[in-house]
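Contents: one structure, followed by commentary.
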Amino acid sequence: MRPALDGYAGIPQETRLLFRGLCMIDSVEVEGLLQTSLRFLASGMTEKRQAGTEPAESARLHRYSRVIVSMDSKPSKEPLDVVMLYLKRRRAAYALTFSTLLPGLRKVKTSVFESRYFEDYIWQALFAKTLHAADFALVTAKNYRVCTVPWNILQSAGLNSLKFVSKLVYPILDTQGTDIFIAQTPYPARVDPNTALVVRYHDALPVFMPHAFANKARHQATHFHALRSNVQSGAYFACVSESTRQDLLRIFPEAADRTVTIHNMVSHHFYDEDSSAGRIPQVIRSRLNLQAPEAHPEFRGLSEQEHFYKQHLDEQPVKYLLMVSTIEPRKNHSRLIAAWEIIRAEVDPSLKLVIVGNLGWDVEPIMKEMRTWIDRGALFVLNSVPAADLRVLYRHAAATVCPSLAEGFDFSGVESMCSGGVAIASDIAVHREVYANASEYFEPHSTVSLVGAIKKVLYDPHASQVQEELRARGKEVSLRYSPDTILPQWELFLKRVANSEKVTDVLSTAGDLQSMGAK
């Protein structure tokens, strides 16, 4: 569940949706693993107790309450505390390395967290950013296990082992009693011999595009070494797209018999709602990214701020292009901004640009390109947009543009289709696979190509016909990613894994189910 502690979209969103989906399969009994990237957690309850040593209810509740405090507490920024925490992490990583390499291997233990009485925290921390309130009872009724060791410490422990042995060795996570352990992204630990490891594999971009990530050397190393360890240990891989699966097999062809493509599910929050375009200014105003100074204009007071947004958002309806993605280089924001500038200069000076997404890494050049337009009230940067508001943005956008240079799946185009919107996407393999004929495509390295696509969809004499055709196809294609289509694939896949069977046959079954879903 570690990614679910993070933002709204991408892998955090898929984690929540997959957990919800698995909870709906009668043949699967689900527990979640509570683990953070960097924070050490307090321990839950141990399973093994001697007769007559059952703790008092107060002691149990106190223990679980401490787990929540440890998950929810932010580390101190005092210089001495920062240094002490750094030393603690270094010490913990090396201690785990030595305990893994030395005889008498010590496993990384997990403990029990029973969700009863703590449903509100579980919901708010893990699920509320994606799921509907109707799912509250479904996901909060499940119990969880606690790994006190942070995910990054497991990574460091494995990488440290290369200083002492020639072959990297990861710690063992105690998964005794668990039939299948599903990890989001390559997992930096080994599991019990009686537990099958399933890696939900999103993309191989840290290997093929290491230049597009922050902390490049570590990101590439942690991804590759954990992935190789998972492959060598006999893990299964449920890839989010066939494009991702093929990238995985380029790196480790020996994993072919243990890989399958099961596309992401799209949230049931996204549907074609007859909402009012008059809500758009309110949504933009309420979801502006005010945490990042570079993402909004500077105002001398509230009255100046109110006048600015009244001036630039009061025209009805607001006409805008929409992009939904973390702001980082590989998402290709610069290409979209360049094309949008040309459209404004040559065709439609009223067209605005709305960008939804948190600031990622290497954003300075991108934000510099945005800054002039932000100050002019033509470009708006939003973040932490809940699905209900995002559905409105998709529905009323002139088009949703998905310009990425590389992706593992890309939710935004399908979410737009579900919401009754129109998608324009970069012509990369995964977009062709996922969006099929329900998008207008452009060459991702060509501004001229993107300008042509926007003009065709929005401004050419037959633009309204093009839009209607894209909407109709989008309704069909989006059905491929509904829970009703995807969950049977998961159930079949997990059944094959539990029986230690080859899983490649699930690929043809998944294709049949997708075709049924698209009809």
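Scanning segment 114-150 for residues that are of a type in the set (S, T, Y) and not in a loop (DSSP other than H, G, I, E, B), we see that the one that is surrounded by the most Cβ atoms within 10 Å (Cβ to Cβ) is Y144. I'd like to verify a number: residues in segment 401-439 that are among the hydroxyl-bearing types (S, T, Y) and in contact with a Phe, Trp or Tyr (Cβ under 7 Å, 6 or more places away or on another chain), how many? So the answer is 3. Taken over segment 86-104, residues that are more than 16 Å from A189 (Cβ to Cβ) and in contact with a Leu (Cβ under 9 Å, 6 or more places away or on another chain) amount to 1. Among residues of segment 389-411 being open to solvent by less than 10 Å² (accessible area, probe 1.4 Å), over 19 Å from the mean Cα position of the chain (by Cα) and of a type outside the set (V, I, T), the one that is nearest to N332 (Cα to Cα) is A399.
Do you know which of the residues in segment 456-473 that are part of a helix (DSSP H, G or I) and more than 15 Å from A398 (Cβ to Cβ) is nearest to the chain's Cα centre (by Cα)? The qualifying residue nearest to the chain's Cα centre (by Cα) is R473. In segment 319-365, of all residues being modelled with pLDDT under 95 and among the β-branched types (V, I, T), the one that is farthest from D410 (Cα to Cα) corresponds to V363.
Can E304 be described as in contact with a helix residue (DSSP H, G or I) (Cβ under 9 Å, 6 or more places away or on another chain), open to solvent by 20 Å² or more (accessible area, probe 1.4 Å) and among the charged types (D, E, K, R)? No: the conditions fail for E304. When R66 is tested against (1) under 24 Å from A183 (Cα atoms); (2) at pLDDT 95 or above; (3) exposed (fewer than 15 other Cβ atoms within 10 Å of the Cβ), exactly one condition is not met: (1). Of the residues making up segment 32-45, those that are open to solvent by 10 Å² or more (accessible area, probe 1.4 Å), in contact with a strand residue (DSSP E or B) (Cβ under 6 Å, 6 or more places away or on another chain) and either under 27 Å from L494 (Cα atoms) or assigned to a loop (DSSP other than H, G, I, E, B) (or both) number 3. Mind checking which residues of segment 97-113 are more than 29 Å from the chain's Cα centre (by Cα) and either in a helix (DSSP H, G or I) or over 19 Å from N152 (Cα atoms) (or both)? If the condition is that a residue be more than 29 Å from the chain's Cα centre (by Cα) and either in a helix (DSSP H, G or I) or over 19 Å from N152 (Cα atoms) (or both), then T97, F98, S99, T100, L101, L102, P103, G104, L105 are the ones that fit. Against the numbered list (1) open to solvent by less than 60 Å² (accessible area, probe 1.4 Å); (2) over 27 Å from V240 (Cβ atoms), Q311 comes up short only at (1).
Quick grid of which residues meet (1) polar (S, T, N, Q); (2) open to solvent by 10 Å² or more (accessible area, probe 1.4 Å); (3) in contact (Cβ under 8 Å) with a residue 24 or more places away in the chain:
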residue	(1), (2), (3)
V165	no, yes, yes
L168	no, yes, yes
I180	no, yes, yes
P210	no, yes, no
Y236	no, yes, yes
S243	yes, yes, yes
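With (1) more than 24 Å from the chain's Cα centre (by Cα); (2) open to solvent by 20 Å² or more (accessible area, probe 1.4 Å); (3) modelled with pLDDT under 90 as the list, and Q291 as the residue in question, which single condition is left unmet? Every listed condition holds for Q291 apart from (1).
For segment 177-215, what are the residues that are part of a loop (DSSP other than H, G, I, E, B), small (G, A, S) and modelled with pLDDT of 95 or more? Passing the criteria: A189, A204.
Of all residues in segment 430-446, those being open to solvent by 10 Å² or more (accessible area, probe 1.4 Å), within 21 Å of T261 (Cα to Cα) and either of a type in the set (S, T, N, Q) or touching a residue at least 40 places away in the same chain (Cβ under 8 Å) (or both) number 3. The residues of segment 264-282 that are buried (at least 22 other Cβ atoms within 10 Å of the Cβ) and either within 30 Å of V199 (Cα to Cα) or out of contact with any strand residue (DSSP E or B) (no Cβ under 8 Å at 6 or more places or on another chain) (or both), listed by number, are N264, M265, V266, S267, F270. Scanning segment 114-149 for residues that are charged (D, E, K, R) and over 22 Å from S43 (Cα atoms), we see that the one that is nearest to the chain's Cα centre (by Cα) is K129. Of the residues that sit in segment 412-429 and are surrounded by fewer than 24 Cβ atoms within 10 Å (Cβ to Cβ) and closer than 16 Å to S241 by Cβ, which one is farthest from the chain's Cα centre (by Cα)? Among residues in segment 412-429 that are surrounded by fewer than 24 Cβ atoms within 10 Å (Cβ to Cβ) and closer than 16 Å to S241 by Cβ, the one farthest from the chain's Cα centre (by Cα) is D427. Residue-level check: of (1) part of a helix (DSSP H, G or I); (2) open to solvent by 10 Å² or more (accessible area, probe 1.4 Å), Q316 misses just (1). Within segment 261-276, identify whether any single residue is at pLDDT below 95, under 30 Å from E306 (Cα atoms) and not polar (S, T, N, Q), and answer yes or no. Yes, the conditions are met somewhere in segment 261-276. Going by the structure shown, is T15 over 21 Å from I180 (Cβ atoms) and in contact (Cβ under 8 Å) with a residue 40 or more places away in the chain? Here the answer is no, as T15 does not meet what is asked.
In a residue-by-residue description of segment 351-362, the property of being among the β-branched types (V, I, T), more than 18 Å from T400 (Cα to Cα) and within 22 Å of the chain's Cα centre (by Cα) applies to no position.
The values are calculated or read from the model by the stated rules, or taken from the named source; none is laboratory data. Every value quoted in this text rests on a predicted model; they were computed, and no experiment measured them. So basically every Cβ, Gly included, is an ideal-geometry build from the backbone, and we count neighbours across all protein chains shown. We work out accessible area using only protein heavy atoms, side chains counted, and drop any ligands, DNA or RNA first. Shrake-Rupley method; radii C 1.70, N 1.55, O 1.52, S 1.80 Å.
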